Amino acid sequence: MSLGHRCARLAVAMLPIILPDGKAAHAQQRSARPVLVQGARTDIVISVPARADAESAARRLATLVAGCRRNLTVAPTDSAAFVTAQPEPWQSPAATASTVVWLSVLPPEGLQADCGDTETLTGLAASRGLRVSFDTTVAPDRDLQRVVLKRGDIEITPIETQRLLIRRLGVTGFGTPRAGWFRVAIDVAEFAPNAAGTRDDISLEVYSLGGTDPDRVRLPWTALREAWESLYGERAAVARGQATAPMRLPAPGDEALHAAHEAYTNGDLRAAVRLAAPRLQSSNLTAADARQGRVQTGLALAALGDTAAARAALGKLVERDPCFTLDPAAPPAARALVDGLARPQERCRAQSVLSTALRAAALPGFGRPARGAGIVQGGLIAGLVVGGAGLAVTSKSTARDEYAKYVAYQDVVTNEPERGAADLYNNAESLRKRGQLAWTVAGAAWGAQLIYAIWSERRHAMRLTQVQQYGRESRTAALELRPQISASTLGLSLSLAW
């Protein structure tokens, strides 16, 4: 058995010590992986401690060490130390609160070892200040001295900032810490999205020992939103609002989301968010269920008073469904929240079948309004149809001329009259067939693009019915009969309420 294999077995064998019995299933449900943001001279790892899974993390690190057995000779004790290594505890209890996000700020690793799991190496391991590298030196520009977190030009004060020392696992073992790195604890509320549902002005200035100019790294909203996505349940738990479901929503087909929908319908909005939030991060939801779960979660958070979390949840929805709108009967505050979110440009009206057919017939390739790549595609189709028709017309005209020459040739006396007449006739016939083929291709392309335009526009119309005035189909229709009695009439009044 190789030394590397023994190291992996030793590290995995230590897992029961790391996590007490009975917490594995609970931790697995709460798992959220760190997100890496790379600057010019800095790596930043965004992690959510409330969603950490100690057992899963230890297994991943043990597998990572085992994957390096081809490149590094690692002692069993160093392997075990790497798997169990943790940064120093925070001084402030608030740094481990349920809605806190941790930023791990490290210099990039130039001679990083290939262990077969880059995600764990640059995410989980880096978030603990751990590196696996062939490098044994420490350059001044890789020794971090100070970090400043900003929102625009305004400095943000974190809950706590730690300067620690990076530990490397390499050819010399689990080396002595030398270069500095930072860990920053901050409440996710500091990254609250604006009314448009985004936050693009968060940046980190990183100062190193070897330079005067900091490395300024912008934290993209897509990365910050991942932290929000992991904390919807925690945000709902600490929200102070007390409310009932703001509007009826369709029931989802997904089992977990169905349980959340029942809680939402019964007025337990915190449970609805807690049950739905982990499922929304799954990649195997249908589009309809993902939409329902995200709308329900966003509306529940808004009703509980957490507008920031609601914007994060609904902002991702309108990013995928730019034409999304709520039922006009929905509460005005909910509709204003959704309508104010930034969304990609999209055509949110559908043409009639007749209008699409007329456009496609008159303008091949442009039966539907197009922009960007659609214009290029339409141009290619139009070129095929027009070019084919043009080739057919010119071929027919030339064939007619050649045939006229063939007829006229019969009256001309030459040395080889039969051969000359045959050449003219064959040429005319070839041109005629080429023209027929061109007409066939052009006609087929014209007909196909017309059918495709109508089919695509109908799909677009169906899509719009799924995302516009969402929740309208969930309203209960009520038929009511009332007696109507007056001095001159006696009867029943029929009313239909939606």
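Residues being polar (S, T, N, Q) and in a helix (DSSP H, G or I): count how many of those fall in region 215-255.
Qualifying residue count, region 215-255: 2.
Mind checking whether some residue in region 44-54 is polar (S, T, N, Q), under 27 Å from the mean Cα position of the chain (by Cα) and buried (at least 19 other Cβ atoms within 10 Å of the Cβ)? Yes; the residues of region 44-54 include at least one that is polar (S, T, N, Q), under 27 Å from the mean Cα position of the chain (by Cα) and buried (at least 19 other Cβ atoms within 10 Å of the Cβ).
Where helices (runs of 4 or more DSSP H) sit wholly within region 268-330, those with at least 2 residues that are assigned by TED's automatic domain parsing to the domain that holds GLY241 and closer than 15 Å to GLN466 by Cα occupy 287-303, 307-320.
The rows are residues; the columns are (1) touching a Leu at 6+ places or on another chain (Cβ under 9 Å); (2) under 30 Å from ARG294 (Cα atoms); (3) modelled with pLDDT of 80 or more.
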position	(1), (2), (3)
ASP339	yes, yes, yes
ALA342	no, yes, yes
GLN345	no, yes, yes
GLN410	no, no, no
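From the residues in region 167-216 that are under 28 Å from LEU64 (Cα atoms) and under 28 Å from the mean Cα position of the chain (by Cα), which one is surrounded by the most Cβ atoms within 10 Å (Cβ to Cβ)? The selected residue is ARG183. Residues in region 412-437 that are of a type in the set (A, V, I, L, M) and in a helix (DSSP H, G or I) were compared, and the one that is modelled with the highest pLDDT is LEU437. With respect to (1) exposed (fewer than 14 other Cβ atoms within 10 Å of the Cβ); (2) touching a residue at least 12 places away in the same chain (Cβ under 8 Å), the lone exception for THR118 is condition (2).
Which one of these is in contact with a Phe, Trp or Tyr (Cβ under 7 Å, 6 or more places away or on another chain) and closer than 24 Å to LEU317 by Cβ: LEU224, LEU169? Spell out the reasoning first.
Numbers: LEU169 fails: closer than 24 Å to LEU317 by Cβ.
Only one candidate passes the filter, namely LEU224.
One line per residue, one yes/no per condition, for (1) of a type outside the set (Gly, Ala, Ser); (2) farther than 25 Å from ALA75 by Cα:
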residue	(1), (2)
ARG146	yes, yes
ARG151	yes, yes
ILE156	yes, yes
GLU160	yes, yes
GLY170	no, no
PRO177	yes, no
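Looking only at region 254-292, residues that are within 22 Å of the chain's Cα centre (by Cα) and surrounded by fewer than 16 Cβ atoms within 10 Å (Cβ to Cβ) come to 7 in all.
Test ALA251 against the criterion of being closer than 17 Å to ALA290 by Cα, in the same structural domain as LEU301 (by TED's automatic domain parsing), of a type outside the set (Ser, Thr, Tyr) and surrounded by fewer than 19 Cβ atoms within 10 Å (Cβ to Cβ), and give yes or no.
yes
Filtering region 64-83 for residues that are surrounded by 17 or more Cβ atoms within 10 Å (Cβ to Cβ), at pLDDT 80 or above, part of a helix (DSSP H, G or I) and within 26 Å of the chain's Cα centre (by Cα) leaves an empty set. Could we say that ALA263 is within 15 Å of ASP187 (Cα to Cα) and out of contact with any strand residue (DSSP E or B) (no Cβ under 8 Å at 6 or more places or on another chain) here? Taking the combined requirement at face value, the residue does not satisfy it.
The values are calculated or read from the model by the stated rules, or taken from the named source; none is laboratory data. On a predicted model such as this, the values are computed, not experimentally measured, just so you know. As a convention, Cβ positions derive from the backbone with ideal geometry for all residues, glycine included, and neighbour counts pool all protein chains shown.
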